[in-house]
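Asks: Take this structure, written in structure tokens, and hold onto it; I'll ask about it next.
The values are calculated or read from the model by the stated rules, or taken from the named source; none is laboratory data. Remember, it's a predicted structure, so these values are computed and weren't measured experimentally. When we count neighbours, we look across all protein chains shown, and the Cβ atoms used for this are built from the backbone with ideal geometry, even at glycine. All accessible areas refer to the heavy atoms of the entire protein, side chains included, with ligands and DNA or RNA removed. Shrake-Rupley method; radii C 1.70, N 1.55, O 1.52, S 1.80 Å.
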Amino acid sequence: MNVRSPQLLQALSKNIKKYRAELKLSQEKLALAAGVDRSYMSEIERGLANPTLDLLLKISNALKIQPSKLLEL
């Protein structure tokens, strides 16, 4: 199993951007709510970073969605 699946990282980045836009949150505000640096959130949204499960939970909480929504292909 490839832990760093490009397809999964693309889906994650697309879904974070989509749900962030629906809430009209800036990348900076989402990063602050999730407890990460804005530049790291940018890397996640560009599919360059592979966040931990803990961080995915924090992001989903900040976006007020179920964590599974972030990983939908």
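Asks: Pick out, from L23, I44, L56, the residue whose Cα sits farthest towards the positive end of the charge dipole of the chain, with +1 on the Cβ of Lys and Arg and -1 on the Cβ of Asp and Glu.
Replies: L23
Asks: With every protein chain left in place, what is the accessible area of K17 in Å² (1.4 Å probe, nearest 10)?
Replies: 90
Asks: For the chain, what is the accessible area per residue in Å² when the probe is 1.4 Å?
Replies: Values: 4790 Å² over 73 residues.
About 66 Å² of surface per residue is accessible.
Asks: Nearest 500 deg cm²/dmol is fine: what mean residue ellipticity at 222 nm does the chain get from its DSSP H runs of n ≥ 4 alone, each adding -39,500 (n - 2.57), divided by its residue count? Walk me through the numbers before you get to the answer.
Replies: Values: 5 runs with 48 residues, N = 73.
After summing the helix terms and dividing by residue count, I get -19000 deg cm²/dmol.
Asks: At a Förster distance of 22 Å, what's the computed FRET efficiency of L8 paired with Y40, Cβ-Cβ distance as r, to 0.05?
Replies: Details: r = 18 Å, r/R0 = 0.82.
Once the sixth-power term is evaluated, E becomes 0.75.
Asks: Once volume of the Cα convex hull per residue in Å³ is worked out from the coordinates, which option in [x] 75; [y] 100; [z] 114 does it equal?
Replies: [x]
Asks: OK, next. Expressed as a whole percentage, what fraction of the accessible surface of the chain belongs to carbon and sulfur atoms when a 1.4 Å probe is rolled over the protein heavy atoms? Don't skip to the end; give the middle numbers.
Replies: Working: 2600 of 4790 Å².
Its accessible area is 54 percent carbon and sulfur atoms.
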